[in-house]
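Here the structure is laid out as structure tokens; the discussion comes afterwards.
The values are calculated or read from the model by the stated rules, or taken from the named source; none is laboratory data. No experiment lies behind these values; they were computed from the predicted model shown. Backbone-built Cβ (ideal geometry, glycine too); neighbour counts: all protein chains shown.
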Amino acid sequence: MSDFAIRSAEDCRWDCISLGEVMLRLDPGEGRIHTARQFTASEGGGEYNVVRGLRRCFGLRGAIATAIADNPVGHLVEDLILQGGVDSSLIRWVPYDGVGRQVRNGLNFTERGYGVRAAVGCSDRGNTAISQAKPGDFDFESILGSKSAGPQNGARWLHTGGIFAALSETTPAVAAEAMDIARRHGTIVSFDLNYRESLWKSIGGKARAQEVNRELVRKADVLFGLAVDLDRLVEDFDSLPIESHEAMLRDVLDAYPNLKVVATTLRTTHSASGNAWGAIAIANHKGGAEIVHVPKREIDVLDRVGSGDSFAAGLIYGLLAAKPLEWALQCGVAHGALAMTTPGDTSMASLAEVERVMKGGSARIAR
């Protein structure tokens, strides 16, 4: 394991808080968005999916810090959050203007893809409540402080990422505020780069994304993703040999000595329905860096959206449980693989299923 101390569960109300947007996902099932006549509703969001997985699969106490427009769609999102077992007490409810000119809730239409037809996401999230958040909107000093200092507080882990940071000109400052306060209280901070070209193209593109992410990564203890400070931001590293990934991990640790763990998934996309899936991570020990690698294995995919978030949840669970880095990485890979076997952004897996996959268990029917 890496050399950092994690706050005790007894000192904290929550094991993890995620900071980010929760959208209403509308899924046409086996159909296409542009031909669908009905959709299945669920909730999802890059940062939210992590805390939801920690709560639902791993049984940890999680909360979501977000803002929602106070209308029936917003309360549907809240109901879905509650069904997932995530604490909703940190939601900021923003008055709705009646038509969404000033504030609204985000929608995410998602096609799963099949075979040669890739998955498709069409988000409708401009001017959402959380995108308008500013420093001071959340009382992070109280939220992240010691539970002994008040009835409501303390968190062992804070998770946020590049999707939240890309929502507006103000959200990076909110993330920075939360991360600074978390570290001051001894809360571990993780950041998922989660670069999405569509989110950045109207607010400065890749150059602005690099600028924002570099500043926020300096405030993190754990980083998910590799495309940082390498003069490029890309999602596809499939063509690189494992030695190149190891070199990149070492480069990131050299550039950001604050980081204790860096982890990234490894994916080869043969088709929308068939992927090779694995991961690699590095831990920054006083005695030197430790690199662990879970080789890619072939998996069948029903819905890949959110699998990286489920990977992050599994790895965070392992670190919170003080497991070795290799165990935590295996847990993340197994949880992400299982998340790809069910529809929706969020995991439907159980801890027993994750452990069975980690042990190489088959998909024979369980009776």
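Within the range 281-333, restricting attention to residues that are of a type in the set (A, V, I, L, M, F, W, C) and within 30 Å of residue 31 (Cβ to Cβ), the residue that is surrounded by the fewest Cβ atoms within 10 Å (Cβ to Cβ) is 302.
The strands (runs of 3 or more DSSP E) found wholly in the range 243-362 and carrying at least 3 residues that are within 21 Å of residue 48 (Cα to Cα) occupy 261-271. Considering only residues in the range 10-51 that are at pLDDT 95 or above and assigned to a helix (DSSP H, G or I), the one that is farthest from the chain's Cα centre (by Cα) turns out to be 35. For the range 270-290, state whether one or more residues are of a type in the set (D, E, K, R) and either under 18 Å from residue 159 (Cα atoms) or modelled with pLDDT of 95 or more (or both). Checked against the condition, which is being of a type in the set (D, E, K, R) and either under 18 Å from residue 159 (Cα atoms) or modelled with pLDDT of 95 or more (or both), the range 270-290 yields no hits at all. Checking each residue in the range 201-216 for being over 20 Å from residue 179 (Cβ atoms) and hydrophobic (A, V, I, L, M, F, W, C) picks out 203, 207. Can you go through 67, 63 and tell me which one is touching a Lys or Arg at 6+ places or on another chain (Cβ under 6 Å) and either among the β-branched types (Val, Ile, Thr) or on the phi < 0 side of the Ramachandran plot (or both)? That would be 67, the only listed residue that is touching a Lys or Arg at 6+ places or on another chain (Cβ under 6 Å) and either among the β-branched types (Val, Ile, Thr) or on the phi < 0 side of the Ramachandran plot (or both).
Look at the range 200-214: where a residue is under 13 Å from residue 164 (Cβ atoms) and a partner is among the basic types (Lys, Arg), sitting 6+ places away or on another chain with Cβ atoms under 8 Å, you get 200/206; 200/208. Here residue 307 meets each of (1) among the polar types (S, T, N, Q); (2) out of contact with any helix residue (DSSP H, G or I) (no Cβ under 9 Å at 6 or more places or on another chain); (3) without any contact (Cβ under 8 Å) to a residue 60 or more places away in the chain with one exception, condition (2).
Selection within the range 38-70: residues that are surrounded by fewer than 19 Cβ atoms within 10 Å (Cβ to Cβ) and out of contact with any Pro (no Cβ under 9 Å at 6 or more places or on another chain). The member of this set that is nearest to residue 220 (Cα to Cα) is 59.
Any residue in the range 282-297 that is closer than 20 Å to residue 47 by Cα, in contact with a helix residue (DSSP H, G or I) (Cβ under 7 Å, 6 or more places away or on another chain), without any contact (Cβ under 8 Å) to a residue 60 or more places away in the chain and of a type outside the set (Phe, Trp, Tyr)? No, the range 282-297 has no match at all.
Counted as qualifying within the range 72-169 are the helices (runs of 4 or more DSSP H) with 3 or more residues that are in contact with an Asp or Glu (Cβ under 7 Å, 6 or more places away or on another chain) and surrounded by 16 or more Cβ atoms within 10 Å (Cβ to Cβ), namely 72-83, 162-165.
Restricting attention to the range 202-213, the residues that are of a type in the set (Val, Ile, Thr) and at pLDDT 90 or above total 1. Here residue 277 fulfils each of the conditions (1) farther than 22 Å from residue 117 by Cβ; (2) crowded, with 20+ Cβ neighbours inside 10 Å apart from (1). Put simply, of 216, 233 the only residue that is assigned to a helix (DSSP H, G or I) and either modelled with pLDDT under 90 or in contact with a Pro (Cβ under 7 Å, 6 or more places away or on another chain) (or both) is 216.
For residue 182, the criteria (1) surrounded by fewer than 24 Cβ atoms within 10 Å (Cβ to Cβ); (2) free of Cβ contacts under 8 Å to residues at least 60 places away in the same chain hold in every case but one, which is (1).
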